[in-house]
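One structure is given here, and the rest of the page talks about it.
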Amino acid sequence: MAWKIFLFILLTFVCVAGIAFPIVPVPTKWYEFPFIPGLKENAKIIFFHVPTAWLSVIAFLMSTIYSFKYLKNKNLDDDAKSYAAAQLGIIFCVLATVTGAVWAKFAWGSYWSWDPRQTSIFALLLIYGAWFALRSSIESEEKRAALSSVYSIIAFVTVPFFVFIMPRIMKGLHPGSADDTNSGPVVDFKMNANMELVFFLSLIGFTILYFWMWNIGYKSIIYKDKINKQIRG
Amino acid sequence: MSNYSLQVNNISKFFGRRLIFKDLSFEINNSGVLGVSGANGSGKSTLVKIIAGINSPSSGKIIHLNKQAEIIPEKLHHYIGFVSPYLVLYEEFSAWENLNYFAKIRGIKFNTEKISYLLEKFLLMPRKDDLIKTYSSGMKQRLKFAFALMHNPDLIILDEPTSNLDVAGKDAVYQIIEEESRTNIVIIASNEESDLSLCEKEIKLENFKPI
Amino acid sequence: MNSKALALYQKDFHSEMRTRYAVNSLAMFVIVAVSVILFSIGNETITQSLTAGLFWVVIFFSAMSGLSRAFVSEEERGTTLALQLVAAPSTIFSGKLLFNLILVFCMNVVITVLYSALFDSFAVKNFALFAVSFFFGNAGLAIASTIIAAIISKAGAKGTLYPVLSFPILLPLILTSVQLTLMSFEGSTFLDAKFELAIIICYDIIMLTASYMLFDFVWKD
């Protein structure tokens, strides 16, 4: 119970700090964030957008790891874990896409401009979408688990290619990308110490939240299966 | 004697979280006929498919030994002949073409004598060049025996071998079973009294458990 | 590629000659797709980058219309069990892959000929680069669509799911191939294109390895 209270306080602090702390040219007080050229007030999205993008990748990774495990041990609980991770993954993936697009409207002038990161998150959304479409088309639990595991591993091995080819094909606009000249809060850490602190607290808070949700998610899937089985006999 | 042995150790099968059968163990060596019986839905077909290596058990292990050496799953198909009502051959080819292609895909020589003998036995020789789509279901069933036996398997699995067959067909099947069981292992999954009367040993599947 | 896989390919080829499951619909699909593009362009001349893109659009959708047959036809006719009984999974995958490879090559040669005859902007300057990238692009397309075909043949909704599942997997390949085709139009050298060629060859190798390793799990019920 204690950690749930801790998580509540942590996320409350992150939300309040992330939204309310002012950005000033030369920070002097502990609650002031520095001014990053090219980003201005928009910089605050980092506290919410980056954790969602980070979690959509973590969820994809975990879903693949449990797919591997399923193929190795043929234990349906692993499939439930993989499924629960992907369910959260697609939620965070949509959140990251939407928050990113809204931010892009103000920073770049349009919601969507096929920046490498936008394309990558779009590809991730497509993979998640295809994965759920595949799962919903298969009746038998074992077949569903085996086929979706195979698909998620195949999708996983294609992901590194996006990392390599996207920057060659499209120009990067995103802060932190290779040809970004004016602002690189992710790569160069132009943030000051307290901004970094809030950023990492946010990352930690959202990650704990994710694991908590995942835990509840896969347990509920397993219980649902077991209850269904008892009803059907 | 074929020197082949099949060991089934504690296998269980679940479909999803539904139990089909549990803790099944038996062993059969060299030659003989083993029967598997049980009500519809008791898992007869599932069991023989697991033995043939087409399905995998949820737990437990099946060991196929040839001359005391364990057969790896990739090579298992060389040792097994399988007949069942749900086995389908290529409708767009004739019986002869079907068997020819299957021999090539197996990587064995197409033994004309053996195939002619089998087709003769199952009264298919006059129609060997007709496309399978023109065959009746009984003729298709008979052709499956030629398909299953052409590579001289050591373990012959027959799932409902006499379904769709007329008296002449059944006689041919019983003759073949008798012939093959002298040197090889034959497993019959069926509920027909006449099929099961050939068996030396019988496994009954009921209430998720072997009796 | 061993003789057993070759025999499976011969069986598929012979069966295709008798039934014409894939070839007829594939040929019609290519013609329809190319003519729709021609109608929509009208008299305008399009840029080379657009031509390269449209070239791969037609290739992708044609592949999606024909390549799933390799496994779906077996599953629909119920002959999967017969194949499971006569061959190891690796043999089946090799044979089906060979069939799809040849189908993809024939289809794409036809598409290439149609494009070079009908589009002025489809002018290859560095032919060697085009041929090499065409070869590896087709191989990757065939490999990825064969394993996805195996997956969907075991799933319920067959036709509609195929492009949905294939697109994210093929996206890196298609993006790189479009780039390479464009480079061959511009007359770039192999040295300029070495990064893209490396990507596409890595893709083929990784996809092939993963497919062989995972096919067992798809093939066995």
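Rule-based calculations on the coordinates, nothing more; no lab input. Predicted model, so just to flag it, every value in this text is computed and none were measured. So basically every Cβ, Gly included, is an ideal-geometry build from the backbone, and we count neighbours across all protein chains shown.
Worth pointing out:
- Paramagnetic label zone (point 7 Å from Cα along Cα-to-C-beta, C:Ala123; backbone N under 17 Å) in the stretch C:36-68: C:44-52
- A crude spin-label estimate for the pair B:Asn3 and A:Ile19, with each label 7 Å from Cα along the Cβ direction, gives 8.0 nm.
- Least to most buried among C:Cys106, B:Cys199, C:Cys202 (fewest other Cβ within 10 Å first): C:Cys106, C:Cys202, B:Cys199
- A crude spin-label estimate for the pair C:Leu6 and A:Asn42, with each label 7 Å from Cα along the Cβ direction, gives 6.2 nm.
- Here the spin labels are modelled as points 7 Å beyond Cα on the Cα-Cβ line, and at A:Phe68 and B:Glu193 they lie 5.9 nm apart.
- Separation of alpha-carbon centers, the stretch B:1-80 and the stretch A:1-20, rounded to whole Å: 57
- Mean-position separation - Cα centroids, the stretch C:116-186 and the stretch C:22-65, in angstrom: 13
- Net charge, A:Ser148 excluded, C-beta distance under 12 Å - Lys, Arg +1, Asp, Glu -1: 0
- With R₀ set to 56 Å, the beta-carbon distance separating B:Asp166 from C:Ile31 gives a calculated FRET efficiency near 0.65.
- Within the protein assembly as shown: Cβ-based charge dipole about Cα centre, in debye rounded to nearest 20 (Lys, Arg +1; Asp, Glu -1): 980
- Per-selection metrics, the stretch A:33-128 (Cα): Rg and Dmax in Å: 16.3, 53
- Ellipticity estimate at 222 nm from DSSP helix runs (n ≥ 4, -39,500 (n - 2.57)) divided over chain B, nearest 500: -9000 deg cm²/dmol
- When each full DSSP H helix of chain B is screened for a Cα extent of at least 18 Å along its own axis and an average Kyte-Doolittle hydropathy of at least -1.0, the helices passing are B:137-149, B:167-183.
- Pairs from the list B:Lys140/C:Lys4; B:Lys22/C:Lys4; A:Lys229/B:Lys22; A:Lys69/A:Lys143; A:Lys69/A:Lys229; A:Lys69/B:Lys61 with a Cα-Cα gap above 27 Å: B:Lys22/C:Lys4.
- Degrees separating the helix C:3-19 axis from the principal Cα axis of chain C, which is the longest one: 80
- Rule-of-thumb Rg ratio for chain C [Cα; 2.2 N^0.38 Å; N residues]: 1.04
- Rg ratio (alpha-carbon, reference 2.2 N^0.38 Å) - chain B: 1.01
- The stretch C:1-127 has equivalent-ellipsoid semi-axes of 35, 15, 11 Å, by the square roots of 5 times the alpha carbon gyration tensor eigenvalues, sorted largest first.
- Residues of the stretch C:101-129 falling in the label zone of C:Lys194, defined by backbone nitrogen less than 17 Å from a point 7 Å along Cα to beta-carbon, are C:129.
- With the convex hull constructed from alpha-carbon coordinates only, the protein assembly as shown shows a mean projected area of 35.7 nm² over all directions.
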